[in-house]
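Following: one structure in structure tokens, then a few remarks.
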Amino acid sequence: MKVYLDNNATTMVDPAVTEAMIPYFSEIYGNPNSLHTFGTASHPAITKAINQMYKGIGASDKDDIIFTSCATEANNWVLKSVWIDKILHSDKNHIVTTEIEHPSVLSTCKFLEDQGVKVTYLPVNDQGIVEAHTVKAFITEKTALVSIMWANNETGMIFPIQEIGEICREKGVLFHTDGVQAVGKIPVNMQEVYVDFMSMSAHKFHGPKGIGALYIKNSQHLTPLLHGGEHMGGRRSGTLNVPYIVGMGQALEMATTNMEEKIAMIAAKRNRLEDALLGALEDVMVVGDRANRTPNTILISIRGVEGEGMLWDLNNALIGASTGSACASESLEANTVMLAIGADNELAHTGIRLSLSRFTTDEEIDYVIERFENAVKRLRAISSSYAIVQPTAGGATLACHIHH
Ligand SMILES: Cc1ncc(COP(=O)(O)O)c(C=O)c1O
């Protein structure tokens, strides 16, 4: 059996999404900016996709949703353009973010620091989230932007976006959220939160890779990152990627239709897997309260088992998992989110992320439970460090916080 449990890195394109996209490669392929019918033939599909996006996130018709090449572009766009629009020519010089943002936010913040911007990287609590009062405490009159993710890619922990948005509104500070791990996974309604900008990515909810979008509240000004042929009302130039736009709209519509049912179905499988692993294995820790986590995610630490070794064993059993975010999974560094939530260095090397999707089956979960336990036993048996901390060997007990 082959089991894919790395859906926070990327997802399979739903076959119905592929089907919706196909005509726009070789039948309706004109440039939507062209005035002839080859070009205009794509307009209804673009309009449909835009409407699917508006509905999928509860945006109002006053808001803009601009397609981008990925969420990395959307994150770069907000941070760099707020710098241009609100910092370069004003007395504001400060951005607030967190220590555990995706690298597309963190690296852009580092770049902005090199340009003289002051950036505060807020620490997370033992649940792996930043509390709203912490955000409030760090906003000053110099703050131009707060950028905080809706849900974390490694832990699945959901941040208090509504409360943080309220604080930003009170303080008159722009608020950007990286919504990549939330949109299509949990209910997201822009009418219920105060968010100026939100980044999204289709390949996290069974759409194609290489297409993202930025939500812009009240269509407010944001200097374009890409100048050129004035596409998308001049907000983001570049010939519209019609098949991918169609795919993103279709994928979001499918993800958000009967969403509560989908969430319950995925969470039931995730919970069964998590309970089985916590029940069968000693000295393991799952990060974060389940009730406040995206329904598909488990980040589990296994004392005495290097994450990479575990990945190797799982991969040999044809199970795809991850030690953290996809971008970092080739490096042998400790899991930064686990360090941020207070795990010691050893434990932070043992994080394995299992992320399910609506395509994950019960048979797959059974198979993973069996193979996961076998892998842990095998690796612990050959681990010198685990033997030392075993109560029987050294009398030491392990401090593991197990959150249900
Ligand atoms: C939280 C988060 N933000 C941003 C991104 C980047 O998305 P994209 O692959 O569309 O650039 C990812 C993808 O891993 C992510 O998980």
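The values are calculated or read from the model by the stated rules, or taken from the named source; none is laboratory data. The model shown is predicted, which means the values in this text are computed figures rather than measured ones. No Cβ is skipped: glycine too gets one built from the backbone with ideal geometry, and neighbour counts run over all protein chains shown.
Looking only at residues in region 35-54 that are among the polar types (S, T, N, Q) and surrounded by 13 or more Cβ atoms within 10 Å (Cβ to Cβ), which one is farthest from Y244 (Cα to Cα)?
T40
Show me the strands (runs of 3 or more DSSP E) found entirely inside region 177-287 where at least 1 residues are modelled with pLDDT under 95.
The qualifying strands (runs of 3 or more DSSP E) are 284-286.
Here is a check on your reading of the model: is K209 out of contact with any Ser or Thr (no Cβ under 7 Å at 6 or more places or on another chain), surrounded by fewer than 24 Cβ atoms within 10 Å (Cβ to Cβ) and of a type in the set (K, R)?
Here the answer is no, as K209 does not meet what is asked.
Given G229, G320, which one is surrounded by fewer than 19 Cβ atoms within 10 Å (Cβ to Cβ) and in contact with a Leu (Cβ under 8 Å, 6 or more places away or on another chain)?
The unique qualifying residue is G320.
Can you go through K62, K80, K86 and tell me which one is surrounded by fewer than 16 Cβ atoms within 10 Å (Cβ to Cβ) and of a type outside the set (S, T, N, Q)?
K62
So how many residues does region 98-116 have that are outside any helix (DSSP H, G or I), away from the ligand (no atom under 11 Å from the Cβ) and in contact with a helix residue (DSSP H, G or I) (Cβ under 6 Å, 6 or more places away or on another chain)?
Number of matching residues: 1.
Which ones in region 94-108 are surrounded by fewer than 19 Cβ atoms within 10 Å (Cβ to Cβ) and in contact with a strand residue (DSSP E or B) (Cβ under 7 Å, 6 or more places away or on another chain)?
E99
Which residues, counting only those in region 30-78, are away from the ligand (no atom under 15 Å from the Cβ), touching a residue at least 60 places away in the same chain (Cβ under 8 Å) and part of a loop (DSSP other than H, G, I, E, B)?
If the condition is that a residue be away from the ligand (no atom under 15 Å from the Cβ), touching a residue at least 60 places away in the same chain (Cβ under 8 Å) and part of a loop (DSSP other than H, G, I, E, B), then N31, P32, N33, S42, G58, A59, S60, K62, D63 are the ones that fit.
What's the total number of residues in region 6-29 that are assigned to a loop (DSSP other than H, G, I, E, B) and of a type in the set (G, A, S)?
Number of matching residues: 1.
Just to check your reading of the model, which residue among Q162, Q127 is at pLDDT below 95, surrounded by fewer than 22 Cβ atoms within 10 Å (Cβ to Cβ), not assigned by TED's automatic domain parsing to the domain that holds L299 and not in a strand (DSSP E or B)?
Going through Q162, Q127 in turn, the sole match is Q127.
Which condition does L314 not pass, out of (1) modelled with pLDDT under 90; (2) within 22 Å of E373 (Cβ to Cβ), if it passes all the others?
Failed condition: (1).
Can you confirm whether Y121 is at pLDDT 95 or above, within 16 Å of the ligand (Cβ to nearest atom) and surrounded by fewer than 24 Cβ atoms within 10 Å (Cβ to Cβ)?
Yes; evaluated as a whole, the condition is true for this residue.
Do we find that P187 is in contact with a Phe, Trp or Tyr (Cβ under 8 Å, 6 or more places away or on another chain) and surrounded by fewer than 23 Cβ atoms within 10 Å (Cβ to Cβ) in this structure?
no
Can you name the residue in region 173-231 that is of a type in the set (S, T, Y) and touching a strand residue (DSSP E or B) at 6+ places or on another chain (Cβ under 9 Å) and, of all such residues, is farthest from the ligand (Cβ to nearest atom)?
S219
Can you give me the number of residues within region 124-157 that are within 16 Å of the ligand (Cβ to nearest atom) and touching a residue at least 60 places away in the same chain (Cβ under 8 Å)?
Within region 124-157, residues that are within 16 Å of the ligand (Cβ to nearest atom) and touching a residue at least 60 places away in the same chain (Cβ under 8 Å) number 11.
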